[in-house]
């Protein structure tokens, strides 16, 4: 798969496929395709994701996970768009390395990439009234080799953390990270010297080594 | 008449009109204007009674707004996208997706073009395009980014319905059901797409403006 982003307001991704080459994408993103491109249906089961695993994710709140993906087979060209503003980026994933992205950002990936939806974190969120409830962070894990295209809201911000290096972000700013990055969600009450009207804050704490991708829009 | 496109994310077309110069557009697109500009409501005459019936069926307005100079008027579709202007030669005809025309000079002939749907239960029964014939100048708003192509004779591309922005009248368009894989399930999951055949210009937009 050769992928290029086109446009800056609502970027589209131009994908060129050689004969027999295949790319996968969530259903409903196609803008146009050449008639020589064949459109197939792939189930998550055919990609190695068990039904039980998917149902467990659904029960955790992974409502955006679809059981079917669209598979495009070359030769030819097609374009895909998520119908939203924000930077799209083509990312090469070396063999054996894994990146995990938040839900709703994936545009396309090579059929050589192993895809798996997964629970990235489960955490307690402090809410007003000194109560707490469970929240989940569900994402898509991609394991190389191959190329993937993702889109964030606004601009993409890329960081490379050294071993043991730490940073944190808000939950909506999370776009993705390497699976070597330790990811922990912490929720706490902001200190207020007056002792009144404090408010909760929930953040993701990252610990290197590895790449972290954030988005500037939420 | 001069058209100056201002802004990058949600652009406006700033139209400067000389004395007596006139443009037409849909109502509700004006952002600001010179006090000297004369706005007026105008019934769409083209197509006669048959055209009026087709507009009624297609949910297309019966009226347009005209702005007569001298002065300036700024128009916007109030959404992220690109604005482009086109100068049409006498007799040159283009078809534009509904909700994309910003304005046209009064010399441009306006009509509508019906594209038949696939007629399947639960699917759309067809849609209308704005047909514009020169001579004159036209300003268009493409939702998202605009991708421009020139199709050779008999060259075919298959596009999503919401991606179509503009085509030359010489470009043929046909609705078809695109199955997703084989078998009954593939047909059940199929979606309506358009097959577009050259020769002529084809502009696509990267943001689908139709509600999903």
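The values are calculated or read from the model by the stated rules, or taken from the named source; none is laboratory data. Quick caveat: nothing in here was measured; it's all calculated off a predicted structure. Backbone-built Cβ (ideal geometry, glycine too); neighbour counts: all protein chains shown.
Just a few scattered comments:
- Residues that are assigned to a loop (DSSP other than H, G, I, E, B), within 14 Å of chain B (Cβ to nearest Cβ) and in contact with a strand residue (DSSP E or B) (Cβ under 9 Å, 6 or more places away or on another chain), drawn from region A:1-11: A:7, A:9, A:10, A:11
- Residues located in region A:13-28, provided they are modelled with pLDDT of 95 or more, under 17 Å from residue B:206 (Cβ atoms) and either crowded, with 20+ Cβ neighbours inside 10 Å or out of contact with any strand residue (DSSP E or B) (no Cβ under 7 Å at 6 or more places or on another chain) (or both): A:13, A:15, A:25
- Count - residues of region A:12-48 that are facing another protein chain (nearest Cβ under 7 Å) and in contact (Cβ under 8 Å) with a residue 60 or more places away in the chain: 1
- Within region B:173-203, the set of residues being in a loop (DSSP other than H, G, I, E, B) and within 12 Å of chain A (Cβ to nearest Cβ) comprises B:179, B:180, B:181, B:182, B:189, B:190.
- Some residue of region B:101-119 being buried (at least 16 other Cβ atoms within 10 Å of the Cβ), within 14 Å of chain A (Cβ to nearest Cβ) and in contact (Cβ under 8 Å) with a residue 24 or more places away in the chain: no
- Test: residue in region A:70-88 that is away from chain B (no Cβ under 14 Å), closer than 20 Å to residue A:13 by Cα and surrounded by fewer than 20 Cβ atoms within 10 Å (Cβ to Cβ): yes
- Of all residues in region A:56-68, exactly one satisfies the criterion of being within 14 Å of chain B (Cβ to nearest Cβ) and buried (at least 16 other Cβ atoms within 10 Å of the Cβ), namely A:68.
- All of (1) under 18 Å from residue A:181 (Cα atoms); (2) under 14 Å from the mean Cα position of the chain (by Cα) hold for residue A:90 with one exception: (1).
- Filtering region B:128-170 to residues that are part of a loop (DSSP other than H, G, I, E, B), touching a residue at least 60 places away in the same chain (Cβ under 8 Å) and more than 9 Å from chain A (Cβ to nearest Cβ) leaves only B:169.
- Any chance residue B:97 is crowded, with 20+ Cβ neighbours inside 10 Å, away from every other protein chain (no Cβ under 12 Å) and within 16 Å of the chain's Cα centre (by Cα): yes
- Sole residue being under 20 Å from the mean Cα position of the chain (by Cα), touching a residue at least 12 places away in the same chain (Cβ under 8 Å) and under 27 Å from residue A:10 (Cβ atoms), chosen from A:135, A:208, A:182, A:139: A:139
- Selection from region B:59-72 of residues that are more than 29 Å from residue B:127 (Cβ to Cβ) and in a strand (DSSP E or B): B:68, B:71, B:72
- Qualifying residue in region A:37-55 (condition: surrounded by 16 or more Cβ atoms within 10 Å (Cβ to Cβ), under 30 Å from residue B:141 (Cα atoms) and out of contact with any helix residue (DSSP H, G or I) (no Cβ under 8 Å at 6 or more places or on another chain)): yes
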